[in-house]
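*Asks:* Got a structure for you, written out below as structure tokens; questions coming shortly.
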Amino acid sequence: MLTIAGTDFRSRLFLGTGKFSSSAVMAEAIAASDCQMVTVALRRVNLDNPEDDIMKALSQRDYTFLPNTSGARNANEAIRLAHLARAASGSSWLKLEVTPDPRTLLPDPVETLIATEELVKAGFIVLPYMNADPILALKLQDAGAAAVMPLGSPIGTNQGVLTDAMIEIIIEQARVPVVVDAGIGAPSHAAYAMEMGADAVLVNTAISIAGDPVAMAAAFAKAVEAGRTAYIAGMGRRSKQASASSPVTGTLSSDLGFLA
Amino acid sequence: MFQSPDFNQLREQIKSATSADVEQALNATRLNLNDLAALISPAAEPYLQQMAARSSEITLARFGKTTQLYAPIYLSNYCTNRCVYCGFSADNRIKRKCLTLDEAEKEAMILHERGFQHILLVSGEAENAVDVEYMEAIALRLRNKFAAVSIEIQPLSTEHYQRLFLAGITAVAVYQETYDRDMYKRVHLSGKKSDFDYRLETPARVAEAGMREVGIGALLGLSDWRAEGLAIGHHLNWLRKTFWSTAFTVSFPRMRPATGEFEPLEIVTESNLSQLIFALRLFDQDVGLIVSTREEARYRDGMLKLGPTRYSAGSCTAPGGYGDSDSEAEQFSVGDHRSLQEVSTMIREKGYDPVYKDWDSSFQITTS
Ligand code: SF4
């Protein structure tokens, strides 16, 4: 079971909701993925309008609703938006996104840290989207982030986990859950992140633009589970040198017979 | 400041592109200006299918199965300029009208009721009719009713754009009309607009003022569309490098019939227009590409999914035209007369989501 800020999640797959062909397809894909955490761009919804298409589709099931601040260029904008979201939805969960470059949508480390500090003080459950920078992950965690969300590769690129060396360090050091976000383009990428020991993955583009988003959502659910099971089962270490699959332990132990 | 490259040199560069250049551009992951030149060249015409496929693939990955919708509101058709191609030109004897603030709000609320969340306020270029105070007052009235309010009016100073940003305006569109300096002179007979360089520097002033989005473009039909496309590429490239936190869009207004009976100086076919759109999409994967209701419904339906990311819908180009359908004096005639609902249905039928809201006025710190 994955626990973030005291809430338990059975599923380790989080879903993004942008880019779907319709709210109905989105709702079906979410159901097929069996995910329990759904992120929604505040810019896309009318929080105070119960007739809002996306909100209506989401309210049909019991999710943890994770509004995101996508579009915010700096800490101030993200903070203001967070307060508006909380006032309208009553939920303190927040995926913090501060992305000043509209082209790459890469997160701004400085502003993200400032916003995290402020929002945690204001009682938010903050899950910051961040570059795969181990020191930043530690700082965000110290500032009170409920989880950290390092990117696997630039958003929307489907390139997979290109930042694995850094994500491994983040996972090793983190006290809070690590959710690999952005760049996951195939179920195998998600499985890989989970095998590395990530606590969860967030997927959007790969599912929303698939030929059959509903089937793809199901495929991701299985991949995440497989990756997690493999991680718990204890993956063999990767080595550059060949090693025999059944080493001659008898010889070795007799060689070491001199040891007390 | 941005130095517009020599138009004739751009022409020559494009002309010299070979099919090998086109193939290289089609296979490149990051395209440069030479690749763009190749893709808008005659040598690329046999590759239109491949370009469309690539453009569609990139657009899907970057923008998803969505198309944004917006509508323009014409505030005023007063104009002190004489642009030979435009129905609002000071030379034309048309009924002039400038909406009062109440009338403008009424027009806006008609669009609001139709479901629009993104609107574009358009006017002719006459400072005595539409000035910064007027725009500020409208912005303050509309900013809490719409997700995003953009403007397309005469070029302003950086300070004035700043004022409008604080009042709630999110984006500014300002088209160069033509990057061909000589042609620019020939078609802009008099008025402030005849200053080519002041207009060229406008997108930079807009970005400097902190606006979220800047729209650029050329009016297709005045000069060589291929060279215009490459000039847009240069401009976009420079703007991207200088203002990395601003979003950019490109529009492709093809010349339409208007009062004054001006005939396009260059014919730009639908195939040409498509080639330009695909080329720009390959060149800049994240730029917003806008196709307005100037184009016929048939063409817009066909282009959906292939590159454009934003459509206007249900447009009327005469001031007060939404409330009063008898209102004359359009800026140009519209090619797609369908309502927001009809365009949305078409988008849905094609398996895409018509997006009415993709912004929120609360992003902006605004004055009261
Ligand atoms: S194009 Fe613009 S500036 Fe020129 S006449 Fe028309 S409204 Fe006036």
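The values are calculated or read from the model by the stated rules, or taken from the named source; none is laboratory data. Note that the structure is a prediction, hence the values are computed from the model and not measured. Every residue, glycine among them, receives a Cβ derived from its backbone with ideal geometry; neighbour counts consider all protein chains shown. These area figures cover heavy atoms from the full protein model, side chains too; ligands, DNA and RNA do not enter into them. Shrake-Rupley method; radii C 1.70, N 1.55, O 1.52, S 1.80 Å.
Listed here are the residues, each with its yes/no results for (1) within 16 Å of the ligand (Cβ to nearest atom); (2) within 21 Å of B:Leu156 (Cβ to Cβ); (3) in contact with a Cys (Cβ under 8 Å, 6 or more places away or on another chain).
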{"position": "B:Arg93", "(1), (2), (3)": "yes, no, no"}
{"position": "B:Met109", "(1), (2), (3)": "no, no, no"}
{"position": "B:His112", "(1), (2), (3)": "no, no, no"}
{"position": "B:Ile119", "(1), (2), (3)": "no, yes, no"}
{"position": "B:Gly124", "(1), (2), (3)": "yes, yes, yes"}
{"position": "B:Ala137", "(1), (2), (3)": "no, yes, no"}
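*Asks:* Those residues that are surrounded by fewer than 24 Cβ atoms within 10 Å (Cβ to Cβ), within 14 Å of chain B (Cβ to nearest Cβ) and among the aliphatic types (A, V, I, L, M), I need them from the range A:173-205; list them, please.
*Replies:* Selection gives A:Ala186 alone.
*Asks:* Of these, A:Glu51, A:Glu77, A:Glu28, which one is within 14 Å of chain B (Cβ to nearest Cβ) and at pLDDT below 85?
*Replies:* A:Glu51
*Asks:* Within the range B:220-258, track down each residue that is hydrophobic (A, V, I, L, M, F, W, C) and open to solvent by 10 Å² or more (accessible area, probe 1.4 Å). It would help to see each step written out before you state the result.
*Replies:* Taking the range B:220-258 as the starting set, the residues that turn out to be hydrophobic (A, V, I, L, M, F, W, C) are B:220, B:222, B:225, B:227, B:230-232, B:236, B:238-239, B:243-244, B:247-248, B:250, B:252, B:255, B:258.
Within the range B:220-258, B:Trp225, B:Trp238, B:Phe243, B:Trp244, B:Ala247, B:Phe252, B:Met255, B:Ala258 qualify.
*Asks:* Please go through the range A:25-81 and give me each residue that is closer than 22 Å to A:Leu113 by Cα and hydroxyl-bearing (Ser, Thr, Tyr), ordered by number.
*Replies:* A:Thr39, A:Thr69, A:Ser70
*Asks:* Additional query: Restricting to the range A:120-159, count the residues that are more than 14 Å from every other protein chain (Cβ to nearest Cβ) and open to solvent by less than 30 Å² (accessible area, probe 1.4 Å).
*Replies:* Counting residues in the range A:120-159 that are more than 14 Å from every other protein chain (Cβ to nearest Cβ) and open to solvent by less than 30 Å² (accessible area, probe 1.4 Å) gives 21.
*Asks:* Among the strands (runs of 3 or more DSSP E) confined wholly to the range A:1-119, which include 2 or more residues that are among the β-branched types (Val, Ile, Thr) and open to solvent by less than 40 Å² (accessible area, probe 1.4 Å)?
*Replies:* Qualifying strands (runs of 3 or more DSSP E): A:37-41.
*Asks:* State which residue is farthest from the ligand (Cβ to nearest atom) when the search covers only the range B:71-83 and only residues that are open to solvent by less than 50 Å² (accessible area, probe 1.4 Å) and assigned to a loop (DSSP other than H, G, I, E, B).
*Replies:* Here the answer is B:Asn77.
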